[in-house]
Amino acid sequence: MDLKVIPYGRQHIDSDDIASVLEVLQSDFLTQGPAVPMFEKIVAAKVGAKHALATNSATSALHIACMALELGSGDLLWTTPITFVASANCALYCGATVDFIDIDLATFNICNAELEKKLILAEQSGKLPKIIVVVHMAGQSCDMQGIGALSKKFGFRVIEDASHAIGGKYEDQYIGSCEYSDITVFSFHPVKIITTAEGGIATTNDNDLAQSLSLLRSHGITRNQKLMSNKSSEPWYYEQVELGYNYRMTDIQAALGISQMNRLDDFVARRHEIAKRYDILLKDAQVIIPQQTRESYSSFHLYIVRIAPEIKNITRKAIFEALIQKGIGVNVHYIPVHTQPFYKKMGFKYGDFPKAEAYYEQAISLPIHFGLTDDDQDRVVNALINAIHSKRT
């Protein structure tokens, strides 16, 4: 009998979600109707931000966030090498240059000490970054108070790539409040905490940035007389005032998002239960379990273990393959961006960011999602322990 595959992440859709989408499908608006602004209002209120602008993906939101902050040719954007490539690519879309900051091996986030050291050297050479994209890896917040202090000292802007982190908190405040940043971006891909099938959102407290994000996601077109060059009384009149994109979210997606937001705290709470249970079950296994800081309440988008370096009888690859053969849908998040062929063409190489590379050589993401049962989790843990104790190399 074929084994049931346990995915590392999966959406959870219930009857309320389906009813919400059906209601839109039976309405007059499928694309830009009342559901999108309602979803934006709900997200902004939840995270404590003044504005939320929905997009068709988090990648789109990152792109227009960089544009809104006027990133361009000759500018520098720094981010972490342990992230999905979009966190770096958004700079290249704007014609800017990318560099990276090595990680803290305890949290997998940007290391603030490494960041400060790099900033001091950059200031001496006159090559400070315009933007730093911090990534809340696996759902745990970066040290935002420290990053905020550095941004004031060195004059860079901050985008939080919180694609993993909706429902998470930093210093008892929801991630997305933009307390220490200019813009925060969330993802609603199906493997994330909540889903809109595809989609993203950018939050900000800056009125001008919100206006710019709104224009850029919709072709740069406006009907706002205050933004137009030519005033007109014609009711159909609009103007393109920026070079924007079609990055809009649909009402179908937003309706699903509205329904999912009703269960956001439940989703995150269940992920904490799963993570705590992993911590207990893996306590004596030869893996390094993820650490959590006191300041952060993770959304636990991912549960990442590292294979202990003292294990000599089996490689990480062999462990990974053994788990896949047992129907355990493990993954690795992420291959360091600077080692991708596209980025190696820019001059990056292995050895540039040793802590990120050491993390990558050890990391395996275990299944964690709302629908994961205790029996599923037991099966994951047993398969992992059995693989570690096998003799393959």
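The values are calculated or read from the model by the stated rules, or taken from the named source; none is laboratory data. Keep in mind it's a predicted model, so treat the numbers as computed, not measured. Here the Cβ is made from the backbone with ideal geometry for all residues, glycine too, and neighbour counts use every protein chain on show. All accessible areas refer to the heavy atoms of the entire protein, side chains included, with ligands and DNA or RNA removed. Shrake-Rupley method; radii C 1.70, N 1.55, O 1.52, S 1.80 Å.
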Only one of (1) open to solvent by 30 Å² or more (accessible area, probe 1.4 Å); (2) farther than 28 Å from GLN292 by Cα; (3) not in a helix (DSSP H, G or I) does not apply to PHE84, and that is (2)
For the stretch 305-393, which helices (runs of 4 or more DSSP H) that fit wholly inside it have 2 or more residues that are more than 21 Å from CYS111 (Cα to Cα) and aliphatic (A, V, I, L, M)?
316-325, 374-388
Looking at PHE108, is it open to solvent by less than 20 Å² (accessible area, probe 1.4 Å), out of contact with any strand residue (DSSP E or B) (no Cβ under 6 Å at 6 or more places or on another chain) and touching a residue at least 60 places away in the same chain (Cβ under 8 Å)?
yes
Does the stretch 266-276 contain at least one residue that is over 30 Å from LEU302 (Cα atoms) and open to solvent by 10 Å² or more (accessible area, probe 1.4 Å)?
no
Consider the stretch 1-40. How many of its residues are open to solvent by less than 40 Å² (accessible area, probe 1.4 Å), closer than 19 Å to LEU53 by Cα and either in a loop (DSSP other than H, G, I, E, B) or of a type in the set (S, T, N, Q) (or both)?
1
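Does THR83 satisfy the criteria of being closer than 19 Å to GLN260 by Cβ, of a type in the set (S, T, N, Q) and under 18 Å from the mean Cα position of the chain (by Cα)?
no
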Residues satisfying the stated conditions in the stretch 305-343, i.e. loosely packed, with under 15 Cβ neighbours inside 10 Å and of a type in the set (Phe, Trp, Tyr):
PHE342
Within 20 Å of VAL287 (Cα to Cα) and without any contact (Cβ under 8 Å) to a residue 12 or more places away in the chain: which single residue out of ILE324, ILE364 fits that description?
ILE324
Would it be correct to say that ILE201 is at pLDDT 95 or above, crowded, with 24+ Cβ neighbours inside 10 Å, part of a loop (DSSP other than H, G, I, E, B) and among the β-branched types (Val, Ile, Thr)?
no
Would you say MET346 is over 20 Å from the mean Cα position of the chain (by Cα) and either modelled with pLDDT of 95 or more or under 29 Å from ASN56 (Cβ atoms) (or both)?
yes
Return the residues of the stretch 93-127 that are farther than 22 Å from HIS164 by Cβ, of a type outside the set (Ser, Thr, Tyr) and part of a helix (DSSP H, G or I); say none if nothing qualifies.
ALA113, GLU116, LYS117, LYS118, LEU119, ILE120, LEU121, ALA122, GLU123, GLN124
